[in-house]
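Just below is one structure, and these are the notes that go with it.
The values are calculated or read from the model by the stated rules, or taken from the named source; none is laboratory data. Keep in mind that this is a model prediction, so the values were computed, not measured. Cβ sites come from the backbone with ideal geometry, for glycine too, and all protein chains shown count toward neighbours.
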Amino acid sequence: MELLKEVYFDKAPLKYQDYLNYLIDEKESTLNFLQGSTHWPVIPNLTKKVNNEGNYIPFKGDTIVFPVKQQEIFVRIQEKVYQKANQSLANPLKPEYFHITLHDLNN
């Protein structure tokens, strides 16, 4: 297996440092967009899962999920996310409810 392959952008070779700079720019652009004054529409079914105070509401849906076994890493990720965007999010999910959604069938 070859781990160090050339990276191409628009069919032209891209130097590693240029690639890193591109990724950094994308990250900064995304954070600026997400933290800006962008209006975030709330999908109708979300109001059935979380109330206006950010508390979860009992909700039964048709979703295929996998429970997360390695919760520690997700706890750290959640802490970082809430440090950056706490006011925009519902209350933090308890680690025992961490999961990865494979398919949202009917929600």
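Restricted to the stretch 94-107, and to residues there that are in a loop (DSSP other than H, G, I, E, B) and at pLDDT 90 or above, the residue that is nearest to the chain's Cα centre (by Cα) is F98.
Suppose the filter is touching a residue at least 24 places away in the same chain (Cβ under 8 Å) and of a type outside the set (D, E); does T63 pass it? Talk me through it step by step, then tell me what you get.
On the way: touching a residue at least 24 places away in the same chain (Cβ under 8 Å): yes; of a type outside the set (D, E): yes.
Here the answer is yes, as T63 does meet what is asked.
Restricting attention to the stretch 1-57 and to residues that are at pLDDT below 80, aliphatic (A, V, I, L, M) and over 28 Å from K84 (Cβ atoms), the residue that is surrounded by the fewest Cβ atoms within 10 Å (Cβ to Cβ) turns out to be M1.
Test V81 against the criterion of being surrounded by 11 or more Cβ atoms within 10 Å (Cβ to Cβ), within 20 Å of the chain's Cα centre (by Cα) and of a type in the set (V, I, T), and give yes or no. Reasoning before the result, please.
Working: surrounded by 11 or more Cβ atoms within 10 Å (Cβ to Cβ): yes; within 20 Å of the chain's Cα centre (by Cα): yes; of a type in the set (V, I, T): yes.
Against the criterion (surrounded by 11 or more Cβ atoms within 10 Å (Cβ to Cβ), within 20 Å of the chain's Cα centre (by Cα) and of a type in the set (V, I, T)), V81 qualifies.
Suppose we filter L20, L34 for residues that are closer than 30 Å to K5 by Cβ and either of a type in the set (D, E, K, R) or assigned by TED's automatic domain parsing to the domain that holds K5 (or both); which single one remains?
Working: L34 fails: closer than 30 Å to K5 by Cβ.
L20 is the lone residue from the list that is closer than 30 Å to K5 by Cβ and either of a type in the set (D, E, K, R) or assigned by TED's automatic domain parsing to the domain that holds K5 (or both).
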